[in-house]
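First up is the structure itself, then whatever we jot down about it.
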Amino acid sequence: MTGYASAQHGASATGAETDARATQTRRLGLEIRSVNSRFLDLSFRLPDELRAMEPTLRALLTARLKRGKVEVRAALDSDDGNSLQDPPARLLQRLNSLQDSVRAWLPSAAPLTVADALRLCANAHSGSEDWTEAVPALAEEALTALLAAREREGKRLATMLLDRVKQLRALAEQAVPMVPLLVEQQRQRFMERWKEAMALTDGSTLPEAARDRALTEATAFAIRIDVAEEITRLDSHLDEIERLLKKGGEVGKRLDFLIQELHREANTLGSKSAALDLTRISVDMKVLIEQMREQVQNIE
């Protein structure tokens, strides 16, 4: 089921190498995106500092999600209102000392650039936070919001599916009286042919035998086009779909199966069709069932 949720968390970062001026607040942002999938497919895009948290996040999501292609993104950035913070003097002194040591062993090594110094200072700050408690709590917050969004969407989908069920029942009701009418029409047609044949016969064929043959063909035709069994099964599947939608819970996979069965009955109805009206009903049913199939993919 599709859905999106995000959550933010701020933490004060004051490393051992910082002074009072370098104290800043880092913000952790976490997003969870979900799109349709028959199974649960998790992917994570985490910064290096949070890579160790992936197993914890995976266990958290697996416990509360059953279906969907779910992507978790996390990002860390500074929320100090100044993108060009002055690096702490102690860090700059240490970097300078380390650079002198490196160049003593590697005279050809390139000197640090301003960008290098700023990046290394930022990394020194970033290592001071402990996100082991904040990340799971933030993920729980975002996941709860995602589930709430999916629940709202689920209610809308259930309303749509119930409307399609109603339309399918109406089509089935149209099909039920058509079959006896077609059988009677075909029986009359066979009897008319029998009478025509009797008028042209030279007496070699007994009238009773010809009449019995015409009635046998009419009976075979009635059996061949009878769709009462398909209509009964279709109604039964629609009853079960309504029951599952009203019950709620994890019903997506069961609905998948029922939609396949509906499609099977609609196909059989079309293959037995002996009139354009029945063919039209079969096509209309398959259109509605296909719409249901696409939306059932969104239901957990």
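The values are calculated or read from the model by the stated rules, or taken from the named source; none is laboratory data. Please read all numbers here as calculations on a predicted model, not as lab measurements. Please note: Cβ atoms are built from the backbone with ideal geometry, for glycine as well, and neighbour counts cover all protein chains shown.
Run down Ser34, Ser78 and say which single residue is hydroxyl-bearing (Ser, Thr, Tyr) and modelled with pLDDT of 80 or more.
One residue alone meets the criteria, Ser34.
Check Thr132 against each of (1) exposed (fewer than 15 other Cβ atoms within 10 Å of the Cβ); (2) not in a loop (DSSP other than H, G, I, E, B) and name the one condition it does not meet.
Against the list (1) exposed (fewer than 15 other Cβ atoms within 10 Å of the Cβ); (2) not in a loop (DSSP other than H, G, I, E, B), Thr132 comes up short only on (2).
Which ones in segment 1-24 are part of a strand (DSSP E or B), at pLDDT below 65 and surrounded by 13 or more Cβ atoms within 10 Å (Cβ to Cβ)?
Our first condition is that a residue be part of a strand (DSSP E or B); within segment 1-24, this holds for 3-13, 24.
Filter again for at pLDDT below 65, leaving 11-13, 24.
Of everything in segment 1-24, those that are part of a strand (DSSP E or B), at pLDDT below 65 and surrounded by 13 or more Cβ atoms within 10 Å (Cβ to Cβ) turn out to be Ala11, Ala13, Gln24.
Scan segment 37-44 and give yes if some residue there is modelled with pLDDT of 80 or more, in the same structural domain as Arg73 (by TED's automatic domain parsing), hydroxyl-bearing (Ser, Thr, Tyr) and surrounded by fewer than 16 Cβ atoms within 10 Å (Cβ to Cβ), otherwise no.
Within segment 37-44, the first condition is being modelled with pLDDT of 80 or more, and the residues that meet it are 39-44.
If we keep only those that are in the same structural domain as Arg73 (by TED's automatic domain parsing) too, we end up with 39-44.
Next, only the ones that are hydroxyl-bearing (Ser, Thr, Tyr) stay: 43.
Still in the list and also surrounded by fewer than 16 Cβ atoms within 10 Å (Cβ to Cβ): 43.
Yes, some residue in segment 37-44 is modelled with pLDDT of 80 or more, in the same structural domain as Arg73 (by TED's automatic domain parsing), hydroxyl-bearing (Ser, Thr, Tyr) and surrounded by fewer than 16 Cβ atoms within 10 Å (Cβ to Cβ).
Could you please find all residues in segment 250-275 being more than 26 Å from Asn36 (Cβ to Cβ), touching a residue at least 40 places away in the same chain (Cβ under 8 Å) and either assigned to a helix (DSSP H, G or I) or not basic (Lys, Arg) (or both)? Step through it out loud before you land on a result.
From segment 250-275, those more than 26 Å from Asn36 (Cβ to Cβ) are 268-275; that's our starting set.
Still in the list and also touching a residue at least 40 places away in the same chain (Cβ under 8 Å): 268-269, 272-275.
Passing the criteria: Thr268, Leu269, Ser273, Ala274, Ala275.
Residue by residue, here is whether (1) at pLDDT below 80; (2) closer than 30 Å to Gln297 by Cα; (3) in the same structural domain as Gln8 (by TED's automatic domain parsing); (4) not in a helix (DSSP H, G or I) holds:
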position: Pro55; (1), (2), (3), (4): no, yes, yes, no
position: Thr62; (1), (2), (3), (4): no, yes, yes, no
position: Lys66; (1), (2), (3), (4): no, yes, yes, yes
position: Arg73; (1), (2), (3), (4): no, yes, yes, yes
position: Pro87; (1), (2), (3), (4): yes, no, yes, yes
position: Asp100; (1), (2), (3), (4): no, no, yes, no
position: Ala110; (1), (2), (3), (4): no, no, yes, yes
position: Arg119; (1), (2), (3), (4): yes, no, yes, no
position: Ser128; (1), (2), (3), (4): yes, no, yes, yes
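What residue, among those in segment 48-73 that are farther than 15 Å from Glu31 by Cα and among the acidic types (Asp, Glu), is surrounded by the fewest Cβ atoms within 10 Å (Cβ to Cβ)?
Looking at residues that are farther than 15 Å from Glu31 by Cα and among the acidic types (Asp, Glu), I get Asp48.
List the pairs whose first member sits in segment 28-48 and is outside any strand (DSSP E or B), whose second member is at pLDDT 85 or above and surrounded by fewer than 16 Cβ atoms within 10 Å (Cβ to Cβ), and whose Cβ atoms are under 7 Å apart, counting only residues at least 6 apart or on separate chains?
These pairs meet every condition: Leu46/Glu54; Pro47/Ala75.
So that you can scan it fast, the table gives a plain yes or no per residue for (1) touching a His at 6+ places or on another chain (Cβ under 7 Å); (2) farther than 28 Å from Arg156 by Cα:
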site	(1), (2)
Leu258	yes, no
Glu261	yes, no
Gly270	no, yes
Ile281	no, no
Asp284	no, no
Met292	no, no
Glu300	no, no
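From the list Ile231, Ile225, Ile241, Ile259, exactly one residue is at pLDDT below 70 and surrounded by 16 or more Cβ atoms within 10 Å (Cβ to Cβ). Which is it?
That would be Ile225, the only listed residue that is at pLDDT below 70 and surrounded by 16 or more Cβ atoms within 10 Å (Cβ to Cβ).
So, in segment 276-291, how many residues would count as being touching a residue at least 40 places away in the same chain (Cβ under 8 Å) and out of contact with any Leu (no Cβ under 6 Å at 6 or more places or on another chain)? Give the derivation first.
If we filter segment 276-291 for residues that are touching a residue at least 40 places away in the same chain (Cβ under 8 Å), which is where we start, we get 277-278, 281, 284-285, 288-289, 291.
Cutting the leftovers down to out of contact with any Leu (no Cβ under 6 Å at 6 or more places or on another chain) gives us 277-278, 291.
Result for segment 276-291: 3.
Between a first residue in segment 95-121 that is farther than 26 Å from Asp77 by Cα and a second residue that is among the polar types (S, T, N, Q), which pairs have beta carbons less than 9 Å apart while being 6 or more apart in sequence or on different chains?
Ala109/Gln99; Pro111/Gln99
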